[in-house]
Amino acid sequence: MGALAAAIAVGLAALGAGIGNGLIVSRTVEGIARQPELRSALQTTMFIGVGLVEAMPIIAVVIALIVMGG
């Protein structure tokens, strides 16, 4: 049962990260298209946001490994 829970957790985290990254990048491209002079500021904010979103699946994998080990 623990393996199933771990697989679901990792899968949902990956799905959420994919959706989140897609939204972040699409909004950044939209913002750059509207105000090209803010490109560097928008890209910096985008990279920070993508990094935070990508932390979620990493944390999910760690939790899954803890569940599998215990």
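Could you list, in sequence order, the residues of the range 52-70 that are more than 16 Å from ILE19 (Cβ to Cβ) and part of a helix (DSSP H, G or I)? Lay out the reasoning, then the answer.
At the first step, the residues of the range 52-70 found to be more than 16 Å from ILE19 (Cβ to Cβ) are 58-59, 61-70.
Within the range 52-70, ILE58, ILE59, VAL61, VAL62, ILE63, ALA64, LEU65, ILE66, VAL67, MET68, GLY69 qualify.
Please enumerate the residues belonging to the range 40-55 that are hydrophobic (A, V, I, L, M, F, W, C) and either surrounded by 15 or more Cβ atoms within 10 Å (Cβ to Cβ) or in contact with a Phe, Trp or Tyr (Cβ under 6 Å, 6 or more places away or on another chain) (or both). Before the answer, list the steps.
In the first step, residues of the range 40-55 are kept if they are hydrophobic (A, V, I, L, M, F, W, C); the result is 41-42, 46-48, 50, 52-53, 55.
LEU42, MET46, VAL50, VAL53, listed by residue number.
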Practice problem: Tell me, yes or no, whether the range 14-37 has at least one residue that is within 17 Å of the chain's Cα centre (by Cα), within 30 Å of GLY2 (Cβ to Cβ) and open to solvent by 90 Å² or more (accessible area, probe 1.4 Å). | Solution: yes
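The values are calculated or read from the model by the stated rules, or taken from the named source; none is laboratory data. The structure presented is a predicted model; accordingly, all values stated were derived computationally and were not measured. Neighbour counts run over all protein chains shown; Cβ positions are idealised from the backbone, glycine included. Each accessible area value is taken on the protein alone, full model and side chains, heavy atoms only, with ligands, DNA and RNA left out. Shrake-Rupley method; radii C 1.70, N 1.55, O 1.52, S 1.80 Å.
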